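Taking it in order: structure first as structure tokens, then the write-up.
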Amino acid sequence: MSDPKQNTLNPRKEMIHEIIFEADTRAGRLFDIVLLIAIIGSILIVMLESVESIDQKFHDIFLVFEWIFTIFFTIEYALRLYCVYSPRKYATSFFGVVDLLAILPTYLELLVPQTHYLVVVRALRILRVFRILKLASFLKEGRIIMLALRKSRPKLIVFISFILILVTILGSIMYVVEGGQDNGFDSIPRSIYWAIVTLTTVGYGDISPSSALGQFIAAIVMLLGYAVIAVPTGIVSADLVNTASQTNTQACRNCGEEGHDDDAVYCKYCGSEIHPDKSPTKK
């Protein structure tokens, strides 16, 4: 018995999805290049508009280009929603929200009277800087890092929990040791702040122990800081190596997730076929 989804495949949607969401075809790579140029161009315009002397000379030109970029990003966003199986799921995903933020501020400007709410308009225009986040949606290295962080999440949560416990204990100890000497350790939360700053090897110097015991504890915390930095680096690096050898540019048509193995037929996140039109069962 055949999958009903396979019988309703739209070749046009399949072609658009392959161009927009993937980068292993010539058309897909060309689309990524055009998108990259548009993103960088729109960000440059936002930056130049913030320079008053430049904006006064080229305001009209900036406005024309801004609408060109906005219309382009609007069409791109609509096509992304059109070619996925679950538009709502994509619209509420991280990159779906970023795509919406890329076009929303320009349209919102039309609803805000510029004569009375210049500050609000300026804030809305600055939101266009979020378009730079769209760069991560088609950079392979960015995908690999995101997938590695996702795989490392359980171990990183355990590690962060351990650090929180550690700085709480160290801060409490320093409050007992240094609390009565009027050198900044006047509460446990402030002492915990010192422990975090010291453990991460930042060392602002606004709070420092004055007693011999406090300085000894501080030295121990500083040495622990080097180990603290090494642990998450090792965790993420190990997953980066594994992820880099397994990921490709194929995106699931149902949930939009990436990072599948080269020979994967089904999505490891939602179970749907990654490419129903190319599936062995379709032959």
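If you take the residues of the range 58-112 that are among the small types (Gly, Ala, Ser) and assigned to a helix (DSSP H, G or I), which of them is surrounded by the most Cβ atoms within 10 Å (Cβ to Cβ)? Across the range 58-112, the extreme among qualifying residues is Ala102. Looking only at the range 184-195, residues that are surrounded by 15 or more Cβ atoms within 10 Å (Cβ to Cβ) and either closer than 13 Å to Ser210 by Cα or small (Gly, Ala, Ser) (or both) come to 4 in all.
Being surrounded by fewer than 19 Cβ atoms within 10 Å (Cβ to Cβ), over 26 Å from Ser152 (Cβ atoms) and of a type in the set (S, T, N, Q), is that true of even one residue in the range 215-232? Yes, the range 215-232 has at least one match. In summary, Ile160 fulfils each of the numbered conditions (1) modelled with pLDDT of 85 or more; (2) touching a Leu at 6+ places or on another chain (Cβ under 8 Å) with the single exception of condition (2). The residues in the range 166-183 that are buried (at least 18 other Cβ atoms within 10 Å of the Cβ) and either closer than 19 Å to Gly225 by Cα or within 37 Å of the chain's Cα centre (by Cα) (or both) can be counted, and the count is 4.
The values are calculated or read from the model by the stated rules, or taken from the named source; none is laboratory data. Given the structure is predicted, the values throughout are model-derived calculations rather than measurements. Neighbour counts run over all protein chains shown; Cβ positions are idealised from the backbone, glycine included.
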